[in-house]
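Each reported figure results from applying straightforward, stated rules to the coordinates on display, with no laboratory input. If you're wondering where the values come from, they're calculated on a predicted model, not measured in any experiment. Here Cβ is always computed from backbone atoms with ideal geometry, including for glycine, and neighbour counts include all displayed protein chains.
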Amino acid sequence: MPAARSPLKDTGPIAGDADRVAMLRAMLKGRKDAAVWTDEVDRAAWQRRRGARRASFTIDTVRRLRALLGNGVRVRLVIGADQAAAFHRWRSARMLLRLAQPIVMPREGVDSAATLVQEVRRNANGFWSEKELQAWGPRLACGKVVHVSSTRVREQLAGARRAQALRALPSGVAGVIRKKGLYRSR
């Protein structure tokens, strides 16, 4: 599910909605257990056609998804540890946790349940109760820390390391980036 425009960022995405959807579809091509849902970018496009440019909120999108799927389907959000640390800033954070439990991907410096809880506590400035803080630990996915960030990949794609960055990406995603000339320095 590509986000339309984060209210926590000063600018919108670098690549357009259609390009980001194309990259996601290329990434998931051939998989029967995953799909791309474009509801959020579709709603944003509808608003833009009417002259509105608003941030999108995950809670609104998850509520719409819940209305379509019903309560019998488990919905999960896959987020990085950096997003977990900032989750208290998300609109209706507690309600969102009830509607779609996060799976938190480890990031550099946050590779255990204890360090995740510590980071959430440090950043949340008292937003979460102690019980809520401790609930973040089990949300950390098992696995190795992947030392990559989307910001860094985009920087490499815009610079001298473009060819190397393209080789490191899944071939379908790299193909979309090449074909559309995405992330080149201007």
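For the stretch 61-133, just say rounded, prolate or oblate: build the C-alpha gyration tensor, square-root its eigenvalues into a ≥ b ≥ c, call rounded for a/c under 1.5, and beyond that prolate if a/b exceeds b/c, oblate if not. It is prolate, given that a/c is not under 1.5 and a/b is the larger ratio.
Return a single number: how many Lys pairs in the chain, at a sequence separation of 8 or more or on separate chains, have alpha-carbon atoms below 27 angstrom apart.
8
Just the C-alpha atoms of the chain: what Rg/Rh do they give, with Rh taken as the Kirkwood radius? Show your work: numbers first, answer last.
On the way: Rg = 17.7 Å, Rh = 18.2 Å.
Taking Rg over the Kirkwood Rh, I get 0.97.
When the charge dipole of the chain is built from unit charges on Cβ atoms (+1 for Lys and Arg, -1 for Asp and Glu) and taken about the Cα centre, the candidate among V21, G143, M1 whose Cα reaches farthest toward its positive end is V21.
Rounded to the nearest 10 degrees, the inclination of helix 58-69 to the longest alpha-carbon principal axis of the chain is 90 degrees. Between the Cα long axis of helix 17-28 and the first principal axis of the chain there is an angle of about 80°, rounded to the nearest 10. Angle check, please: helix 39-49 long axis (alpha carbons) against the longest principal axis of the chain (alpha carbons), in degrees 0 to 90, nearest 10. In the chain, helix 39-49 runs at an angle near 60 degrees to the longest axis.
Do you know the relative contact order of the chain, to the nearest whole percent, from alpha carbon pairs under 8 angstrom that are 6+ apart? Display every interim value, and only then the final one.
Details: 201 pairs, mean separation 38.5, N = 186.
About 21 percent, as a whole number.
Each principal axis of the Cα atoms in the stretch 74-182 has its own extent, and those three values, largest first, are 48, 26, 24 angstrom.
Add -39500 (n - 2.57) for each DSSP H run of 4 or more in the chain, then divide by its residues: what number comes out at 222 nm, to the nearest 500 deg cm²/dmol? List each step's numbers first, then the result.
Numbers: 10 runs with 92 residues, N = 186.
Roughly -14000 deg cm²/dmol at 222 nm, from the helical runs in the chain.
One decimal place: the segment S149-R50 gains 32.2 nm when fully extended, by the rule 0.36 nm per residue minus the C-alpha distance. Among residues other than Q47 whose Cβ falls under 14 Å from its Cβ, what is the net charge (Lys/Arg +1, Asp/Glu -1)? Counting the neighbours of Q47, the net charge comes to +2.
By the scheme Lys and Arg +1, Asp and Glu -1, what is the net charge of all other residues having a beta-carbon under 9 Å from that of V176?
Details: positive: R25, R178, K179, K180; negative: D19.
Spelling it out: positives minus negatives among the neighbours equals +3.
Considering only Q134, Q101, Q47, the mean-square fluctuation computed in a Gaussian network model of the chain, springs between alpha carbons under 10 angstrom, is largest for Q47.
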